[in-house]
Amino acid sequence: MRQIPPVPEKIWSEVEGDIENVDGVIRIVRIRVKYYLKIPKGTREAANRALDKHMSKCPAAMSVKDSIEINISAEIEEE
């Protein structure tokens, strides 16, 4: 998101996860990440492109993608 400055007051997230007993082992089975973005007017397309590529560029997501379901959503507000 080169066009969108990474200012903590304008880009943050909430993360939730589900833990279940899978074959007698407690495991994290799902993670939900919701991003909140306050972006400059005219940068929504760039923000959407960044969100679309997020999973493939995130080391944490790539490390667990085969064992934990990850759902990403975003609430975007142009300022």
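For this structure, a couple of remarks:
- The residues of region 8-28 that are surrounded by 14 or more Cβ atoms within 10 Å (Cβ to Cβ) and within 25 Å of residue 63 (Cα to Cα), listed by number, are 11, 28.
- Residue count for region 66-79 under the criterion of being out of contact with any Pro (no Cβ under 9 Å at 6 or more places or on another chain) and either outside any loop (DSSP other than H, G, I, E, B) or farther than 19 Å from residue 17 by Cβ (or both): the result is 9.
- Of all residues in region 28-65, those that are assigned to a loop (DSSP other than H, G, I, E, B) and at pLDDT 95 or above total 0.
- Scope region 5-27; condition in contact with a Lys or Arg (Cβ under 7 Å, 6 or more places away or on another chain), over 19 Å from residue 47 (Cα atoms) and charged (D, E, K, R); matching residues: 16, 18, 20
- Pair list, Cβ < 6 Å and 6+ apart or interchain, from region 20-46 residues that are without any contact (Cβ under 8 Å) to a residue 60 or more places away in the chain and farther than 26 Å from residue 65 by Cβ to residues that are surrounded by 13 or more Cβ atoms within 10 Å (Cβ to Cβ) and small (Gly, Ala, Ser): 39/47
The values are calculated or read from the model by the stated rules, or taken from the named source; none is laboratory data. Keep in mind it's a predicted model, so treat the numbers as computed, not measured. Positions of Cβ are backbone-derived with ideal geometry, glycine not excepted, and every protein chain shown enters the neighbour counts.
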